[in-house]
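A quick write-up on the structure given underneath.
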Amino acid sequence: MKVLIQKFFTSTAVLAGALTLMVSCNKELPQAEPIIPATGSGSTISEVLNDPSFSILKAAVTRASTAAATSNFPVSLSNLLGDKTGTYTLFAPTDAAFVASGIPSAAALAALSPGRLDTLLRYHLVGGQAVTSAVIPTTFPNVQLPSSLILSAPTSTLPPGLRMPIFPSKRGSNLWVNNIPITQADIPAANGVVHKVAALVAPPSQFLWDRINTDPNLTYLKAAIQRADSGATATGSLQAALQNPAANLTVFAPNDVAMQTILTGLITQALIGTGMDPATAAATATALASTPAVFSNPALYASLNATTVKGIVVYHLLGTRAFSVNIPTSATAVPTLLNSAVAAHPGVTIQATFGATGVTAATVKGLVNPTPSNILINPTPAPGGTSDQHYINGVLHVIDQVLRPQ
C-alpha cells in the first residue's frame, strides 16, 4: 500500500521548500506598469460622478467622506477624487451596479455606516496611476494593482502600508476587475480615469483558511493540510500561509467527493496488491477512506506522512491570484508551488471557455490525470460559492478531481 500511494502523493523530501515559497511571496505588492500621468485639465473624477448613472455612487462618496479621519486614511474620498494634483483609477459602480448588489437607492445607503462605505469604496480606487484599458494585459495571471484600501496596521507578517490588491484583466475586447465586468472603460478625468463596473467590487474580509476550515465540502482538504503541517512550526505551516494577509495564492480545492474517490481507489488497489480479494479490499478501502480521519489513521502514517501529503497539497496552489476570467482560452501550463521544489515539473494545465457574459466552463489538469478536473463554476461570487471565491490572501476554486503530479 505504501508504494502505491506514494506514487500519487509526491514523496520527495525537498517538497518542504514549497512552503518556503509561500512565505517568501509575502511581500509588498508591486505597482503596475506602465503608469500614465493625468493631464491636470478638465473635469475631476468627482465631477465625472455628476453623471446621472452615478447618483448612488455620488451619494455614497459623500456619506463615506464623513467617516472619521485615521492615520491610514487622513484624506477623505471626496477630497481625493476632487484633487487635480493626484492621479487615480476608479472602478465606478453605476446605479445599476448598486441595484444588482442589493442597494436599490441612495436612501438605502443609510443602512451602511460612513466607515463601512469608506472601506468599500477605497477598494474601488487605485492611487498613483491612471490605468486605461490599453495597458491592461491579456496575459496570465491577472495584473495586480494596489487599491487605496490599506489592510491594517503592520504586524510581524504584514509590511507597513500594505494595500489590498485588486486585479483587472482582459480577454479579447472584454474587461474585468477581479471577476466583475467593466461595462464602460476609459472615461477620462483631469486626475485619472474612470471605468464603469457591473457590480460592487467588494473587498474580501476572510482568509483562505477561514473557508477551508469551515466548509463542510472541503473537510478532506482541511485534514490533508493539518496532516501536512504535522511537526511544522506555527509560522512555517500551510495553515499560517493560508492565513497570511500578505500572501497571494490561488487554491484549486478538491471537494470531499473527489478526495474520497481517489483515496478509496488507491487503497483498494494497494490492498489487492497485498493479496486481499477484490471485494474485501474494496469494502476495507471504502471504510478507511469514509472520513477525513484517513489522514490521521496510524495504519496509513507510513504512506500519508506529512511530507508526501504536503506535496499533493502544494500542487493545488498557485503562487499568484487567478480569477476564472483570466484563465486562458487555450490549454496553458502554469507552475504551482510544487515547482519551488521540483523546478522542472510542468505544473498544471488550465483552460477556460467563455460565453457572452463570462466564463461558462473552466478546467485544471494534473500531469497524470487522465482527464481534466472541472472548476465548479458558480454564477455568483456569493460566499460559499464554488468559483472565484475571493479572500484577503487569494482566490479559491472548488474542483471535482484531485490533481495528480506524477
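With each label point set 7 Å from Cα along the Cα-Cβ vector, what nm distance links Ala299 and Thr70?
Spacing of the two 7 Å Cα→Cβ label points: 5.3 nm.
Of the heavy-atom accessible surface of the range 147-304 (probe 1.4 angstrom), what whole percent is carbon and sulfur?
Values: 3450 of 5970 Å².
Of the solvent-accessible surface of the range 147-304, carbon and sulfur hold 58 percent.
Whole Å is fine, so just give me how far the alpha carbon centre of the range 386-406 lies from that of the range 239-268.
Computed from Cα coordinates, the inter-centre distance equals 8 Å.
Compute the Kirkwood hydrodynamic radius of the range 313-381, taking the inverse of the mean of 1/r over all pairs of distinct Cα atoms, and give it in Å to one decimal.
Mean inverse Cα-Cα distance, inverted, gives 12.7 Å.
Keeping all protein chains in place, calculate the accessible area per residue for the range 262-320 (probe 1.4 angstrom), answer in Å².
On a per-residue basis, the range 262-320 sits at 37 Å².
Pop a pseudo-label 7 angstrom from the Cα along the beta-carbon direction at both Val257 and Thr280 and give the gap in nm to one decimal.
3.2 nm
Any chance you could run the full-extension gain for Ala108 through Asp210? It's 0.36 nm times the residue separation minus the Cα-Cα distance, nm to one decimal.
33.7 nm
Would you look at the GNM of the chain, springs on alpha carbons closer than 10 Å, and say which of Ala234, Ala258, Ala189 moves the most?
Top of the fluctuation ranking is Ala234.
Relative contact order, percent, of the chain when contacts are C-alpha pairs under 8 Å separated by at least 6 residues? Mind dumping the intermediate values first?
Numbers: 862 pairs, mean separation 84.1, N = 406.
This gives 21 percent for the chain.
Antiparallel as a % of all DSSP beta bridges within the chain, to the nearest 5?
75 percent
Determine the share of the range 69-113's accessible area contributed by carbon and sulfur atoms, expressed in whole percent, with a 1.4 angstrom probe.
Values: 1230 of 2080 Å².
After summing per-atom areas, the C and S share lands at 59 percent.
So if each residue of separation counts as 0.36 nm, and I subtract the Cα-Cα distance between Ser78 and Asp186, what length gain in nm does that give?
Contour length minus the Cα-Cα distance gives 36.8 nm.
The values are calculated or read from the model by the stated rules, or taken from the named source; none is laboratory data. Computed from a prediction, not measured in an experiment: that's the story for all the values here. With ideal geometry, Cβ positions are generated from the backbone for all residues, glycine too; neighbour counts draw on all protein chains shown. The accessibility values were calculated without ligands, DNA or RNA, using every heavy atom of the protein model including side chains. Shrake-Rupley method; radii C 1.70, N 1.55, O 1.52, S 1.80 Å.
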